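Chemist: I'd like to ask some things about the structure below.
The values are calculated or read from the model by the stated rules, or taken from the named source; none is laboratory data. The model shown is predicted, which means the values in this text are computed figures rather than measured ones. A quick note on method: Cβ atoms are made from the backbone with ideal geometry, for glycine too, and the neighbour counts reach across all protein chains shown.
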Amino acid sequence: MYEEVSFSSEGAKLRGRHYRHVSGSRATVVMTHGTTATISMAIDHYAEAIFRAGFDVLLYDHKNFGLSGGKPRQEINPWIQTRGYRDAVLFLRAKQPDSPIALWGDSFSAGLALVAGALIDDIAAIVAQIPVCGAALPQGLTDINALDVMKEIFAGGDVSGGPEQTAGPMPVVSSDPLNNPSLLTPIQAFRWFIEHGGRHGSRWENWATRVIPNTPVACTPYVTAPYLKMPVQMMVGRNDEMVHCNPEIQRAVFDRIAGEKEFVEIEGGHFGLLWHGTTEFDEAINRQIAFLSRLFPGD
C-alpha cells in the first residue's frame, strides 16, 4: 500500500510512508501527527482511508519524533514543525511537480497546517482536524505586516528559543497530573496516549520538551487565516477538553479565513475521532473524503 520514504528538513531526515497509486496524476495529501504522537497512532487509519478514496498520501513523523531523525529527541517547536510541512511539499514536487497538494493536520499540527498553508506557495486545500488555535488571542503583531514578518522567520529566522521559552522535559500525560505534572492534563489525553502509544511498534515515548520561541510574530493560524485563499475544512470536537483548543479562538480563526471554508463539529471532545472504528472516526473521515473529493473529482 505504501513505500517508506525520507526527506531532509532542518538538518534531519524525516521519515514516513508514501501511499501512491500506480497510475495517473492525483492530488496528494500531506499528513502528520499532533503533539508527541506518531504516524501509527490513529492517523495511519485516516491516511489509509484517504488513499482508498483515490488520493495519494505522504504521511510522516515530525522531526525528533517516531521514525524521524533529529535532536533533541522529543522536542516540539512549532516553527520547526511548520518547516517540516514545507520540506514535505518540496519533496513531493520534485517527484510529481504537476500534482495538487493538500495539507492535513491533527490537533497541534492542524493549527500548523493553517499556518503553513499561507507560507507555502500553491497549496490546493487544507483539512484541519481539531486544530490547536490557542487558549486566547495571540499577543503582539497580528495584522499589518505580520505575514511578511512570519515569512522571514519561516524562511530562516532564529527559532531556537531559550530556557524561558522551554517547558520540560516532562511527561506527556500523567494519571495524577496534580502530583506528577504533565504536558497534557485531561484524563482523556492520558487514556488515549497510553492506549495508542502503549501499542507495540508505536515508537511513542511519554516525555517531551516544548519550545515556543519568542518571535516578533507568533506561529499562530490567527495571523495567517486572512491569507488562506484555498478551500479549508476546519473540523472541531464538541466540548473539547484541551485548553489550547478554545472554541472561541477556533471560531475566530475560522471567521478570518479568506477563501472557501467549511466548519464541521464532531461529538466526542478532542479525542473522540481519534479512536478508529467509532462513529466519530467514521463521521470525521467521511466528511474529509467528501470535502477532498469535491475539490479533486478526478482523483
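Chemist: Against the conditions (1) under 18 Å from Arg210 (Cβ atoms); (2) over 13 Å from the mean Cα position of the chain (by Cα), where does Ser107 fall short? Just the number, please.
Modeler: (2)
Chemist: Could you check, for region 270-282, whether at least one of its residues is small (Gly, Ala, Ser), crowded, with 19+ Cβ neighbours inside 10 Å and farther than 27 Å from Arg83 by Cβ?
Modeler: Scanning region 270-282 turns up at least one residue that is small (Gly, Ala, Ser), crowded, with 19+ Cβ neighbours inside 10 Å and farther than 27 Å from Arg83 by Cβ.
Chemist: Follow-up. Tell me whether region 4-12 contains one or more residues that are buried (at least 24 other Cβ atoms within 10 Å of the Cβ), touching a helix residue (DSSP H, G or I) at 6+ places or on another chain (Cβ under 7 Å) and small (Gly, Ala, Ser).
Modeler: Among the residues of region 4-12, at least one is buried (at least 24 other Cβ atoms within 10 Å of the Cβ), touching a helix residue (DSSP H, G or I) at 6+ places or on another chain (Cβ under 7 Å) and small (Gly, Ala, Ser), which makes the answer yes.
Chemist: Which ones in region 37-62 are under 20 Å from Leu184 (Cα atoms) and within 13 Å of the chain's Cα centre (by Cα)?
Modeler: Ala37, Thr38, Ile39, Ile43, Asp61, His62
Chemist: Among residues belonging to region 147-168 that are aliphatic (A, V, I, L, M) and assigned to a helix (DSSP H, G or I), point out the one that is surrounded by the fewest Cβ atoms within 10 Å (Cβ to Cβ).
Modeler: Ala155
Chemist: Now a separate question. From (1) more than 26 Å from Pro216 (Cα to Cα); (2) touching a residue at least 12 places away in the same chain (Cβ under 8 Å), pick out the condition that doesn't hold for Asp87.
Modeler: Answer for Asp87: the failing condition is (1).
Chemist: To continue, here is another question. Take region 76-127 and flag every residue that is of a type in the set (D, E, K, R), surrounded by fewer than 21 Cβ atoms within 10 Å (Cβ to Cβ) and at pLDDT 95 or above.
Modeler: Arg86, Asp87, Arg93, Asp121, Asp122
Chemist: One residue is enough: does region 37-56 have a residue meeting the conditions farther than 18 Å from His18 by Cα, crowded, with 24+ Cβ neighbours inside 10 Å, out of contact with any strand residue (DSSP E or B) (no Cβ under 6 Å at 6 or more places or on another chain) and in contact (Cβ under 8 Å) with a residue 24 or more places away in the chain?
Modeler: Yes, region 37-56 has at least one match.
Chemist: Moving on to the next point. Does Ala189 satisfy the criteria of being surrounded by fewer than 15 Cβ atoms within 10 Å (Cβ to Cβ) and at pLDDT 95 or above?
Modeler: Answer is no for this residue.
Chemist: Next up: Answer yes or no as to whether Ala208 is aliphatic (A, V, I, L, M), crowded, with 19+ Cβ neighbours inside 10 Å and either at pLDDT 95 or above or over 29 Å from Ile101 (Cα atoms) (or both).
Modeler: yes
Chemist: Sort out which residues of region 243-263 are aromatic (Phe, Trp, Tyr) and surrounded by fewer than 19 Cβ atoms within 10 Å (Cβ to Cβ), and write them in order of number.
Modeler: Phe263
Chemist: Cβ contacts < 6 Å: first residue without any contact (Cβ under 8 Å) to a residue 24 or more places away in the chain, restricted to region 104-129; second residue crowded, with 24+ Cβ neighbours inside 10 Å and of a type outside the set (Ser, Thr, Tyr), any location; separation 6+ or different chain. Result?
Modeler: none
Chemist: Could you list, in sequence order, the residues of region 161-186 that are touching a residue at least 60 places away in the same chain (Cβ under 8 Å) and closer than 17 Å to Ala218 by Cα?
Modeler: Of everything in region 161-186, just one residue is touching a residue at least 60 places away in the same chain (Cβ under 8 Å) and closer than 17 Å to Ala218 by Cα, namely Gly161.
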